[in-house]
1. Would you please give the residues with an amide H less than 5 Å from that of G45, counting only those at least 5 places away or on a separate chain, with H modeled from the backbone geometry?
2. Each residue of region 19-35 in turn: what ³J(HN,Hα) in whole Hz from Karplus with 6.51, -1.76, 1.60 and θ = phi - 60°, glycine and Pro shown as x?
3. Work from the charge dipole of the chain (Cβ charges, +1 for Lys and Arg, -1 for Asp and Glu, about the Cα centre) and give the residue of A133, V109, P53 farthest towards its positive end.
4. Using a 1.4 Å probe on the protein chains only, how many percent of the accessible area of region 2-130 belongs to carbon and sulfur?
5. Ranked by accessible surface with a 1.4 Å probe, highest first, in what order do V15, V66 come?
6. Using the C-alpha atoms of region 2-133, what convex hull volume per residue, in cubic angstrom, is computed?
7. Please compute the per residue accessible area over the chain with all protein chains in place, 1.4 Å probe, rounded to a whole number of Å².
8. Please state the charge dipole magnitude for the chain, taken about the Cα centre, from unit charges on C-beta atoms (+1 on K and R, -1 on D and E), reported in debye and rounded to the nearest 20.
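The values are calculated or read from the model by the stated rules, or taken from the named source; none is laboratory data. Here the structure is a predicted model, which is why all the values come from computation and not from measurement. Reconstructed Cβ throughout: ideal geometry from the backbone, glycine too, with neighbour counts over all protein chains shown. Heavy atoms of the whole protein, side chains included, go into the accessibility calculation; ligands, DNA and RNA do not. Shrake-Rupley method; radii C 1.70, N 1.55, O 1.52, S 1.80 Å.
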Amino acid sequence: MSKFMLIMRATPEAVAAFAEADFTEVIAAMGAYNESMLKAGVMVGGDGLAPEPGLVVSFDETPPVVTDGPYGETKELFNGFWVLEVPTIEEAAEWARRAPLTPGNKIEVRRITGPDDFPADNEWIQKEEEWRANGYSPTE
């Protein structure tokens, strides 16, 4: 099994359409979608992001510079994510296709790296394995 992040992105047009939508219906559709993934045993995490701008830390300078965010000229907003554990990227994409989203929205599907992606003899990889064994999970 592999873990995949489904990254929900919205254009300004999608944000405007959302503002016109019935919020109760949106929450019900998203709740049903989340419940279907939980019942299937594939969803291991996920959250939405607050609509107010956050901050961006840029490493182009030393020390890194913190500015208002998310980006200068926003063409797409990263507004939420799910973490799924499924055997293939194709299955992750199939779950993404079922999301109750409207035109102007996109979901990017990305595999989350795991211990097999890194050298097992690296001290920091070994420490991370210990952290996970002791209950820490970066996706929970």
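1. V83
2. Values per residue, Gly and Pro as x: 4, 8, 6, 6, 4, 4, 5, 4, 5, 5, 5, 5, x, 5, 4, 4, 4 Hz.
3. Projecting each Cα onto the dipole axis, the largest value belongs to V109.
4. Values: 4970 of 8850 Å².
About 56 percent, which is the carbon plus sulfur part of the accessible surface.
5. On the way: V15 65, V66 90 Å².
Correct descending sequence by accessible area is V66, V15.
6. Details: hull volume 20.3 nm³, N = 132.
Given the Cα convex hull of region 2-133, per-residue volume reads 154 Å³.
7. Numbers: 9900 Å² over 140 residues.
Accessible surface, normalised per residue, equals 71 Å².
8. Details: 11 positive and 25 negative charges, 80 e Å.
Dipole of the chain, to the nearest 20 debye: 380 debye.
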